[in-house]
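Note sheet for the following structure.
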Amino acid sequence: MYTEKVIEHFRHPHNMGKMKDYSAVGKVGNIVCGDVMWLYIKVDKDPKGREIICDISWETFGCTAAIATSSMVSEMAKGKTLKEAIAITNKNVASELDGLPPVKMHCSALAADALNEAIYEYLTQNQHEIPDALKRRHERLAKEMASLEERYKAFLAKEQVANGTKTAGDVKHAPD
Amino acid sequence: MDKCIYLDNSATTPVAAEVLEAMTPYFCEAYGNASSLHASGREARQAIEKGRAEIAAILGVSPSEIVFTSGATEANNLAIIGMAFAHEEKRHIITSKIEHHAVLYPCQWLESQGYEVTTLDVDKTGRIDLEQLKDAIRKDTLLVSIMAGNNEIGTLQPVEEIGAICRERGVAFHTDAVQAYGKVQLSTDSIDLLSVSAHKLHGPKGVGFLMVRKGFSLTPLLHGGGHEGGRRSGTENTPGIVGLAASSSLAFNKMEETTARMRRFKRRLIEAIHAIPGTRLNGHETESLPHIVNVSFQGIEGESLVMKLDEHGIETSTGSACSSPTLEPSHVLLAISVPISMAHGSLRISTGRQTTREEIDAFLDVLPRVVEELRAISPFKVGE
Ligand SMILES: Cc1ncc(COP(=O)(O)O)c(C=O)c1O
Ligand code: FES
């Protein structure tokens, strides 16, 4: 179900791991859904005085697609100006990987969102002007995160009930 | 491919050479339709009835109590829907939260048709509570369907006790014995209906049977030529049935030796995995099938784990949300209250008759490294 490129990035992920002296970090996802990504960027000026992502790394908890898209997005953003990096979408990431299964598209959204959030944090911290589109995306993500938090809390509450005899979740799926 | 270490035997198993050999003549030589009058037909009929007698003898029932089907999904549907339709006066069914979908979904479908279904909870090891079962039985309860051994976590249910309760209360008892058949001693004395599938025991895919105790009438799901005593129409799958019988006989003849080996592997697997930090065993420590081990690894996701192992030629499976089309974790893991974060990191390892000590060693050599690799990528650090 995965393309060779996905498998290749999954097996040999680029830019993976924590960064010590990062300029900003974007944290997206939620463990209820299984996908969590932390993306670190280090921003510096290039000879022309433009701000570029001079270093990037990430930590991801997720499936094959989530790990491959983390690797791919980090490759795509490395060395780019902030403006160029903001323009990276999940569709770009997926197509660079020669496509993802439809059910896995949300994993690629995660990677693009994490980049978005890292840049947003950087611009905010440095009191730069924030492009409207970036701001809107951040607000949408913040809202989604909040609703995921709610879901997580509900899940945890259910789990606590489950410590008695009740169980959590609907019946949907099992391997054979 | 040929060198892969296959540890997904509760999904399916390789066909045993002896089974294939027994089946082979029934494709191109003895290909007759068992309903035909001529010699070829009689030969096929003979093979089918021999197989039926073999299976009946294993279970200690009479041959007429065995109905061949296309596998366990059909056998479960026939048991549940067939019973419900044949006994319109009783409209309540009891099952459990950790049944295979081939039991849960027919029950849910009956619910949508106006039947009532009680789905029993299980404890943290996956066992039902017999008191809860007794309380759930009502005057209009027709059937209790509880699996013998679970396909994900291996937990065994107290089948004999369940059967005794059902007998006493005059309720029919069906058990999905797909994983338990050939792996543990099963006394059929108090079981009224029992489902089996050949491909889980080194037989071919697409064939199985439902044991139906005498006196229990079923409305057939498939109507046609009136095969299988009118309970399941359709020209008999002669090679499949021969393969099913051969695989049953092999499994039961070799049961002691095979399961002793499987239990050794299981102990070794559990010990070695416990030595990796941030792990847990899902299921029951002792009341469990010998061939299934289900564990969880903190901080990593099951689909990536399965894919990493696959990279090393090791084939396993997971109940993680990311691996499922609905993106929800396995209903079995949720039912036994595995914390959601641990359900994400679940791994099922299941051995077969062909599994060797060398394969288990090779797997255990790779596993900690792969877990380490994925944990290095993860933002959730174990022990932090
Ligand atoms: C417990 C259990 N019940 C039913 C089935 C379905 O069997 P079949 O594949 O023969 O339809 C399986 C396996 O898929 C199983 O593990
Ligand atoms: S991380 Fe859950 S499906 Fe990709």
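The values are calculated or read from the model by the stated rules, or taken from the named source; none is laboratory data. Bear in mind the structure is a predicted one, so any value in this text is a computation, not a measurement. Reconstructed Cβ throughout: ideal geometry from the backbone, glycine too, with neighbour counts over all protein chains shown. Quick note on the areas: whole protein, heavy atoms, side chains included, nothing else; ligands and nucleic acids left out. Shrake-Rupley method; radii C 1.70, N 1.55, O 1.52, S 1.80 Å.
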Mind counting the residues in region B:186-209 that are within 14 Å of ligand 1 (Cβ to nearest atom) and among the acidic types (Asp, Glu)?
-> 0
Among the numbered conditions (1) more than 16 Å from ligand 1 (Cβ to nearest atom); (2) without any contact (Cβ under 8 Å) to a residue 40 or more places away in the chain, tell me where B:Glu236 comes up short.
-> (2)
Only one of these conditions is not met by A:Lys104: (1) over 24 Å from A:Phe10 (Cα atoms); (2) among the basic types (Lys, Arg); (3) surrounded by 18 or more Cβ atoms within 10 Å (Cβ to Cβ). Which number is it?
-> (1)
Within the bounds of region A:1-8, is there any residue that is open to solvent by 10 Å² or more (accessible area, probe 1.4 Å) and closer than 28 Å to A:Glu149 by Cβ?
-> no
Show the residue pairs that are 6+ apart or on different chains and have beta-carbon atoms under 6 Å apart, the first residue being within region B:6-35 and at pLDDT 95 or above, the second being part of a strand (DSSP E or B) and aliphatic (A, V, I, L, M).
-> B:Leu7/B:Ile349; B:Ser10/B:Ile292
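Scan B:Glu111, B:Glu116 and give me the residue that is closer than 30 Å to B:Thr12 by Cβ and charged (D, E, K, R).
On the way: B:Glu116 fails: closer than 30 Å to B:Thr12 by Cβ.
On inspection, the qualifying residue turns out to be B:Glu111.
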Over region B:131-151, the set of residues in contact with a Lys or Arg (Cβ under 6 Å, 6 or more places away or on another chain) and over 13 Å from B:Asp192 (Cα atoms) is B:Ile137, B:Asp140
With the condition kept exactly as written, say whether any residue in region A:61-78 is more than 13 Å from A:Ala114 (Cα to Cα), in a strand (DSSP E or B) and open to solvent by 40 Å² or more (accessible area, probe 1.4 Å).
-> no
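Can you tell which of A:Ile67, A:Ile88 is more than 16 Å from ligand 1 (Cβ to nearest atom) and more than 13 Å from every other protein chain (Cβ to nearest Cβ)?
Values: A:Ile67 fails: more than 13 Å from every other protein chain (Cβ to nearest Cβ).
Within the list A:Ile67, A:Ile88, the selection yields A:Ile88.
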Leading residue by the ranking (modelled with the lowest pLDDT) among those in region B:324-336 that are buried (at least 24 other Cβ atoms within 10 Å of the Cβ) and more than 16 Å from ligand 1 (Cβ to nearest atom) | B:Pro329
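Working only within region A:22-54, note down all residues that are assigned to a loop (DSSP other than H, G, I, E, B), at pLDDT below 95 and more than 25 Å from A:Ser147 (Cβ to Cβ). Explain how you work it out, then say what you get.
Initially, region A:22-54 is screened for residues assigned to a loop (DSSP other than H, G, I, E, B), giving A:22-23, A:31-34, A:46-50.
Restricting the remaining residues to those that are at pLDDT below 95 gives A:31-34, A:46-50.
Once the filter is applied, which keeps residues that are assigned to a loop (DSSP other than H, G, I, E, B), at pLDDT below 95 and more than 25 Å from A:Ser147 (Cβ to Cβ), region A:22-54 yields A:Asp46, A:Pro47, A:Lys48, A:Gly49, A:Arg50.
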Of all residues in region B:127-142 being in contact with a helix residue (DSSP H, G or I) (Cβ under 7 Å, 6 or more places away or on another chain) and open to solvent by less than 20 Å² (accessible area, probe 1.4 Å), which is nearest to the other protein chains (Cβ to nearest Cβ)?
-> B:Leu133
A careful count of residues in region B:202-254 that are touching a Ser or Thr at 6+ places or on another chain (Cβ under 6 Å) and assigned to a helix (DSSP H, G or I) gives 0
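Rundown of residues vs (1) open to solvent by 20 Å² or more (accessible area, probe 1.4 Å); (2) more than 16 Å from ligand 2 (Cβ to nearest atom); (3) in contact (Cβ under 8 Å) with a residue 24 or more places away in the chain; (4) not acidic (Asp, Glu), yes/no style:
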residue	(1), (2), (3), (4)
A:Val93	no, no, yes, yes
A:Gly99	yes, no, yes, yes
A:Ser108	no, no, yes, yes
A:Ala118	no, yes, yes, yes
For residues that are small (Gly, Ala, Ser) and more than 23 Å from B:Val371 (Cβ to Cβ), tally how many sit in region A:19-72.
-> 4
If we ask which residues in region B:84-101 are open to solvent by less than 50 Å² (accessible area, probe 1.4 Å) and more than 24 Å from B:Asn151 (Cα to Cα), their number turns out to be 4
So the helices (runs of 4 or more DSSP H) completely within region B:282-347 holding 3 or more residues that are more than 7 Å from chain A (Cβ to nearest Cβ) and touching a residue at least 24 places away in the same chain (Cβ under 8 Å) are B:302-311
Any residue in region B:53-82 that's touching a residue at least 24 places away in the same chain (Cβ under 8 Å) and basic (Lys, Arg): show its pairings with residues that are open to solvent by 30 Å² or more (accessible area, probe 1.4 Å) and within 16 Å of ligand 2 (Cβ to nearest atom) at Cβ separation under 7 Å, as long as the two are six or more apart or on different chains.
-> none
Close pairs from region B:176-200: first free of Cβ contacts under 8 Å to residues at least 12 places away in the same chain and among the polar types (S, T, N, Q), partner within 9 Å of ligand 1 (Cβ to nearest atom) and part of a helix (DSSP H, G or I), Cβ under 8 Å, at least 6 apart = none
Select from region A:1-26 the residues that are over 16 Å from the mean Cα position of the chain (by Cα) and among the aromatic types (Phe, Trp, Tyr) and list them in ascending order.
-> A:Tyr2, A:Tyr22
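Across region B:4-22, which residue is nearest to ligand 1 (Cβ to nearest atom) among those that are β-branched (Val, Ile, Thr) and not in a loop (DSSP other than H, G, I, E, B)? Working first, answer last.
Our first condition is that a residue be β-branched (Val, Ile, Thr); within region B:4-22, this holds for B:5, B:12-13, B:15, B:19.
After this cut, where a residue has to be not in a loop (DSSP other than H, G, I, E, B) as well, the list is B:5, B:19.
On the way: B:Ile5: 21, B:Val19: 15 Å.
Among those that are β-branched (Val, Ile, Thr) and not in a loop (DSSP other than H, G, I, E, B), it is B:Val19.
Residues in region B:70-83 that are over 20 Å from B:His331 (Cα atoms) and open to solvent by less than 10 Å² (accessible area, probe 1.4 Å): how many? If you could, list the steps in order and put the result at the bottom.
Just the residues of region B:70-83 that are over 20 Å from B:His331 (Cα atoms), to begin with: B:70-71, B:74-75, B:78-83.
Among the residues that remain, those that are also open to solvent by less than 10 Å² (accessible area, probe 1.4 Å) are: B:71, B:75, B:78-80, B:82-83.
Of the residues in region B:70-83, 7 are over 20 Å from B:His331 (Cα atoms) and open to solvent by less than 10 Å² (accessible area, probe 1.4 Å).
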Top-ranked residue of region B:1-59 - restricted to ones that are exposed (fewer than 15 other Cβ atoms within 10 Å of the Cβ) and basic (Lys, Arg), ranked as farthest from B:Leu305 (Cα to Cα) = B:Arg42
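Would you say B:Asp123 is away from ligand 1 (no atom under 16 Å from the Cβ), within 14 Å of chain A (Cβ to nearest Cβ) and of a type outside the set (Val, Ile, Thr)?
Working: away from ligand 1 (no atom under 16 Å from the Cβ): yes; within 14 Å of chain A (Cβ to nearest Cβ): yes; of a type outside the set (Val, Ile, Thr): yes.
The answer is yes for B:Asp123.
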